[in-house]
Structures are given as C-alpha cells and as structure tokens.
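Please read the structure below before turning to the comments.
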Amino acid sequence: MAWKKIKEQNIYNILGDGKVNKGYVLRPARYTTICGEEIVDECTRLTMVPKTYVAATLEALAIVAPTFLCKGHSVTLPNLGTLSITADSKAIANIEEVDLDKLLDLNIRFRPSHTLREEIDKVSFEIG
C-alpha cells in the first residue's frame, strides 16, 4: 500500500530567518472513514461470528471503555493498543496553590500495541 500527499503549511524558521515561512511536508492520504456497520460486516466475514454478536460486542465496548477510563483506568484493546486519559494543566511553583482551576484540558491518549505498530511500519510512502 502506498500513501502519498504533499501538504503546504506554515513552518517556523525553515529558512533560518526566525520567521514563519511556507514549507512542504509529507502526509498520509486519508481516503474515507470506515463506519461501524462496515467494521461489523468485515469482522463477521473474517470470524464467522454472527453479525448481531459482533455489533453487540462493539456496542458494549463503546460503553465500558469510557466507564473504565473515567474511573482512572487505562483500557487495553488486544492487538490494537491502550487508551488512557491525560491532563494538561498550568505548572504551579507551590503545592498549596494547586487546585482544579489550574486544569486546562483532559485528553484521550492512544498508544498503539506492538502488533499495530509493526503493521503501520510496513506502510510505504511514494511521492506522485
């Protein structure tokens, strides 16, 4: 599989002049988004598990993963990776001044499994 896309974007100091200039970067081309029903159909085809069971399992996963994350757990999806919650906050010099108003944002982090990382590393890039 070969993905290719050259994108123009603002890049800081590309010319060594300390300014924002235009530059070009290589990015993977993303063609479409695969919807849940297509995933269910493909999983059914590959495993011979009835479609209703696959759909129910994915629906349950969509419920339990956020529940575990919000309770402070990381969630590992076998052969895919691990989801966890991260936080951005202001740094404070004195521990007495730390409180919830210093919390800026919560994010979800995905760390790919070794198996997924190996598959992604096989993708080759070609320029037009």
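The values are calculated or read from the model by the stated rules, or taken from the named source; none is laboratory data. Source: prediction; values computed, not measured. Don't worry about glycine lacking a Cβ; one is built from the backbone with ideal geometry, like all the others, and counts go over all protein chains shown. Keep in mind that these areas ignore ligands, DNA and RNA; they rest on the heavy atoms of the full protein, side chains included. Shrake-Rupley method; radii C 1.70, N 1.55, O 1.52, S 1.80 Å.
Observations
- Residues of the stretch 97-127 that turn out to be in contact (Cβ under 8 Å) with a residue 24 or more places away in the chain and either under 17 Å from the mean Cα position of the chain (by Cα) or open to solvent by less than 80 Å² (accessible area, probe 1.4 Å) (or both), as a count: 10
- Residue in the stretch 1-13 that is charged (D, E, K, R) and touching a residue at least 24 places away in the same chain (Cβ under 8 Å) present: yes
- Residue 64 being without any contact (Cβ under 8 Å) to a residue 12 or more places away in the chain, open to solvent by less than 70 Å² (accessible area, probe 1.4 Å), among the β-branched types (Val, Ile, Thr) and under 29 Å from residue 107 (Cα atoms): yes
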